[in-house]
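The block underneath contains the structure these notes are about, expressed in structure tokens.
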Amino acid sequence: MYRSGHYGVALLAYAPVLYALTAVGRVVAAAAGLGIVLALTPLPDADHDVPLIDHRGVTHTLLFAIVVGGAVGGAAWLVAGPSGLALAPDRAVELAAGAGGAAAFAVLAHLLADALTPMGVAALWPLSGERYSLGLTPADSTVWNVGLFALGVFATAVAAVLASPIA
């Protein structure tokens, strides 16, 4: 899947989360989560630029999603916790958990997009090298990449509008 397809799947997957958070008045959390998801969705494809790491290898696994989520959550805790901004403990934990969850979500959305292609992903590595694929489209399909992006933008807009209070 190309970058536009990855963004589209991420937006499509995040739209219900955006709706739920916005509907309960957590607009800043919804927007921050969306920003993290969009910023980190391309991260697994950094393997293109790292020597000795195969494409759709370790960076395309559930383990990588957990590591990225933990790293981002830990960094958020360092910024917001007692040694950083010193937010109230419950707020610092909420911020760290939200940031870490959004980061893991971004990697999972990337895996979902790549699972649409015939090559698939070995999501359960190192437990299993079996590749999971829905085989719906080649990664380079302009129709699918642009179509998923358009669908993701539409779903995100609909979620935002439906969750917003009527003036």
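Looking only at the range 114-144, count every residue that is in a helix (DSSP H, G or I) and within 16 Å of PRO44 (Cβ to Cβ) and tell me the total.
Adding up the residues that qualify gives 2.
Where the second residue is open to solvent by less than 40 Å² (accessible area, probe 1.4 Å) and outside any loop (DSSP other than H, G, I, E, B) and the first is closer than 21 Å to LEU111 by Cβ and among the basic types (Lys, Arg) and lies in the range 132-154, which pairs have Cβ atoms under 7 Å and are six or more apart or on separate chains?
Listed by first residue and then by second, the contacts come to nothing, as the list is empty.
Could you please find all residues in the range 4-62 being polar (S, T, N, Q) and part of a helix (DSSP H, G or I)?
SER4, THR22, THR59
Hey, among the residues in the range 52-83 that are over 26 Å from HIS110 (Cα atoms) and touching a Leu at 6+ places or on another chain (Cβ under 7 Å), which one's surrounded by the most Cβ atoms within 10 Å (Cβ to Cβ)?
My answer is ALA80.
Which numbered condition in (1) touching a residue at least 40 places away in the same chain (Cβ under 8 Å); (2) part of a helix (DSSP H, G or I) is the only one that ALA71 fails?
Unmet for ALA71, out of (1) touching a residue at least 40 places away in the same chain (Cβ under 8 Å); (2) part of a helix (DSSP H, G or I): (1).
Out of curiosity, is ALA86 outside any loop (DSSP other than H, G, I, E, B) and either surrounded by fewer than 21 Cβ atoms within 10 Å (Cβ to Cβ) or of a type in the set (A, V, I, L, M, F, W, C) (or both)?
On the way: outside any loop (DSSP other than H, G, I, E, B): no; either surrounded by fewer than 21 Cβ atoms within 10 Å (Cβ to Cβ) or of a type in the set (A, V, I, L, M, F, W, C) (or both): yes.
No, not satisfied.
Using the structure shown, decide if THR117 is polar (S, T, N, Q), without any contact (Cβ under 8 Å) to a residue 60 or more places away in the chain and surrounded by 21 or more Cβ atoms within 10 Å (Cβ to Cβ). Can you show your working first?
Values: polar (S, T, N, Q): yes; without any contact (Cβ under 8 Å) to a residue 60 or more places away in the chain: no; surrounded by 21 or more Cβ atoms within 10 Å (Cβ to Cβ): yes.
Taking the combined requirement at face value, the residue does not satisfy it.
Check VAL107, VAL153 and return the single one that is surrounded by fewer than 20 Cβ atoms within 10 Å (Cβ to Cβ), among the β-branched types (Val, Ile, Thr) and either touching a strand residue (DSSP E or B) at 6+ places or on another chain (Cβ under 9 Å) or within 25 Å of PRO16 (Cβ to Cβ) (or both).
Only one candidate passes the filter, namely VAL153.
When residues of the range 120-150 are filtered for being small (Gly, Ala, Ser), open to solvent by 40 Å² or more (accessible area, probe 1.4 Å) and under 19 Å from the mean Cα position of the chain (by Cα), how many remain?
Of the residues in the range 120-150, 2 are small (Gly, Ala, Ser), open to solvent by 40 Å² or more (accessible area, probe 1.4 Å) and under 19 Å from the mean Cα position of the chain (by Cα).
The values are calculated or read from the model by the stated rules, or taken from the named source; none is laboratory data. All figures in this text were calculated on a predicted structure; none of them were measured in a lab. Cβ atoms come from the backbone with ideal geometry, glycine included; neighbour counts cover every protein chain shown. Note: accessible area is taken over every heavy atom of the protein model, side chains too, but ligands, DNA and RNA are not part of it. Shrake-Rupley method; radii C 1.70, N 1.55, O 1.52, S 1.80 Å.
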